[in-house]
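Comments concern the structure below.
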Amino acid sequence: MDFVSGNPLVTALVVAALLVWVVTRQLADRPVTARRTMLVPLVLTVLGVLTLLQAHPPVTTAGLALTGAELLLVVGLGVLRGRSVRLFVRDGVLHQRGGAVTLALWVLTIGLRIGLDLLAIRLGAGALASATLLASLGLSLLVQGWVLRARATTVTTVDGAGTPHARIGG
């Protein structure tokens, strides 16, 4: 399978398509579900780790430093994106919708990734940077999902009788 073989072009195209899909969905009004917030990020992270392991990229000090910096950045941006998503209750079900800040944070995430890739190529660590692309996307989405789920546990509405209402959708 080319995708898991570490072919950088195939991986980049798959990740680009995934990003379009993920960002579009995050900007739409939809129920918060455990599956949406955790399953896809977990799958992407696992596929990313498999891609990295199968690619056997050369590991250099510069590559490790850039990979570490990237992981810190994608975790931090995942936290910020998770906090930027608006949560609200409709018909007793918790919904989410990203806005302009969420979109701006995605643009920043992508821009930083491109910048780090260019730097990695210049420093001779381009193969490692390419091999970590899917894993870093998955990790960033996983962190965003954790933040969103933590926030979701605190969101409720109160009816006239003082009874809280909210449930995470199925």
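Every number here is computed from the coordinates shown, using simple stated rules; none is lab data. Computed from a prediction, not measured in an experiment: that's the story for all the values here. Cβ atoms come from the backbone with ideal geometry, glycine included; neighbour counts cover every protein chain shown.
Each helix, a run of at least 4 DSSP H residues, gives -39500 (n - 2.57); summed and divided by the residues of the chain, these come to -21500 deg cm²/dmol at 222 nm. What is the extension gain from R122 to L64, computed as 0.36 nm multiplied by their sequence separation minus the C-alpha to C-alpha distance, in nm to one decimal? Full-extension gain reported as 19.4 nm.
Here the dipole of the chain is about 440 debye; that uses its Cα centre as origin and unit charges on the Cβ of Lys and Arg (positive) and Asp and Glu (negative).
Model label sites at R35 and L19, defined 7 Å from Cα along the beta-carbon direction, differ in position by 2.7 nm. Taking Lys and Arg as +1 and Asp and Glu as -1, the other residues whose beta-carbon sits under 14 Å from that of V143 total +3. Karplus-based coupling profile of the stretch 107-124, in residue order and whole Hz: 4, 5, 4, 5, x, 5, 5, 4, x, 5, 4, 5, 5, 4, 4, 4, 8, x, with θ = phi - 60° in 6.51 cos²θ - 1.76 cosθ + 1.60 and x standing for Gly or Pro. Among A135, L50, V93, pick out the residue whose Cα is farthest towards the positive end of the charge dipole of the chain, where Lys and Arg carry +1 and Asp and Glu carry -1 on C-beta, about the Cα centre. Farthest towards the positive end: V93.
In this structure, the amide hydrogen of H95, modeled 1.01 Å from its nitrogen in the peptide plane, lies closer than 5 angstrom to those of V32, F88, V89, R90, counting only residues at least 5 positions away or on a different chain.
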